[in-house]
Every structure is written in C-alpha cells, then in structure tokens.
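> Sharing a structure here in structure tokens format.
No value in this document is a laboratory result; all are computed from the given coordinates. Please read all numbers here as calculations on a predicted model, not as lab measurements. Glycine gets a Cβ as well: all are built from the backbone with ideal geometry, and neighbour counts include every protein chain shown.
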Amino acid sequence: MDEKERHEKGMGRRRKVLGAAWVDRANARKNSFNEEFQDLITRYAWGEVWTRPHFDERTRRVLVIGTMVALGRWDEFRLHVRAALPEGGFSEADIKEIIMQQAIYCGVPAANHAFKEAGEIIAERAKTK
C-alpha cells in the first residue's frame, strides 16, 4: 500500500471511529504548522494501526480509553469516550467498567478524574436527548 492509499484508508477509519463532524473540524483547523502532523496521524495511527486485523474496533477503543486514563490525557479521553457513546456501540456501563479496571492498574486518583470527565460527557448527552 502506498502513502496515498494509507492516508485514504486512515481517513475512512478515523471518520468511522471519531465521527465525520470531529474529523471535519480537525481538518478545518489544519494550517502550515500542523498539516504534516495531521497527515502523519491519519496515515499511521488510523491507516496503519487502527486498520490492523488482529483486534476489532471495540477492543481498540477499550485500549485507547484505558491508556488515556493511565496517561492522564484528558482531552483525548473525552474525545474517545464521546465517540464511543453510543455511535461506537458502548454503553455508560461499558465506560464505567473500563474506568473501574483502570482504577486498579492506574490508581484511584486517575480513575476518580476519569469518572468526573466521563460523567460530564454523559450529562451533556442527556441534555441533548
């Protein structure tokens, strides 16, 4: 696969996982400073890793959400939780179980913050229903 094909495949997966609206906003914010980085993550994170056949999309989402708790990357955590509910097939209970698991391996303070962040997303979603 050449780089153009990898980019196209990555953009398709990125849109599927994060939603077209999110990706369109990210693309609209591209500029001469960050354009190459956006291309890199589209080709490699999305076109190379997220499209590998071994793990299904649900497993990859669990891994990413859990990793964001471990690293304390709250913007990315919120992005992936928001994308997982419900378009990604996740329920609130699924998100809770990921955070509970991470409480043991990443620590209670990280899980406590993750519950706060996820709770805000759940509350936002309830308002729009």
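> On a full-extension model of 0.36 nm per residue, what is the gain between Asn112 and Glu35, subtracting their alpha-carbon distance, rounded to one decimal in nm?
Here the answer is 24.2 nm.
> Further question on the same structure: Just to be sure I follow: if Rg is taken over the C-alpha atoms of the chain and Rh is the Kirkwood radius over the same atoms, what is Rg/Rh?
Ratio value, two decimals: 0.99.
> What do you get for Rg/Rh over region 4-43 if you use C-alpha atoms and the Kirkwood form of Rh?
0.95
> Counting only helical runs of four or more DSSP H residues, what would the 222 nm mean residue ellipticity of the chain come to if each run contributes -39,500 (n - 2.57) and the total is spread over all its residues?
Calculated at 222 nm, the ellipticity per residue is -23000 deg cm²/dmol.
> Write down the Å³ per residue value for the convex hull defined by the alpha carbon atoms of region 76-129.
Roughly 69 Å³ of hull volume per residue.
> Given points 7 Å out from each Cα along the Cα-Cβ axis, report the Asn27 to Tyr44 separation in nanometres with one decimal.
Label at Asn27, label at Tyr44, 2.2 nm between them.
> Sticking with the crude label model, points 7 Å out along Cα→Cβ, report the distance from Gln101 to Ala20 in nm, one decimal please.
3.1 nm
> For region 1-54, what relative contact order do you get, as a whole percent, if you take Cα pairs closer than 8 Å and at least 6 residues apart?
Dividing the mean separation by the residue count of region 1-54 yields 60 percent.
> Within the chain, how many Lys pairs sit with Cα atoms under 21 Å apart, leaving out pairs fewer than 8 places apart on the same chain?
Going through the chain pair by pair, I get 9.
> So if I take the centroid of the Cα atoms in region 35-78 and the same for region 86-111, what is the distance between those two points in Å?
Distance between centres, Cα-based: 16 Å.
> Find which of Leu71, Asn27, Ile122 sits farthest along the positive direction of the dipole of the chain, computed with +1 on the beta-carbon of Lys and Arg, -1 on that of Asp and Glu, about the Cα centre.
Positive-end residue among those listed: Ile122.
> With +1 on the Cβ of every Lys and Arg and -1 on the Cβ of every Asp and Glu, and nothing else charged, how large is the dipole of the chain about its Cα centre, in debye rounded to the nearest 20?
Charge dipole of the chain: 260 debye, to the nearest 20.
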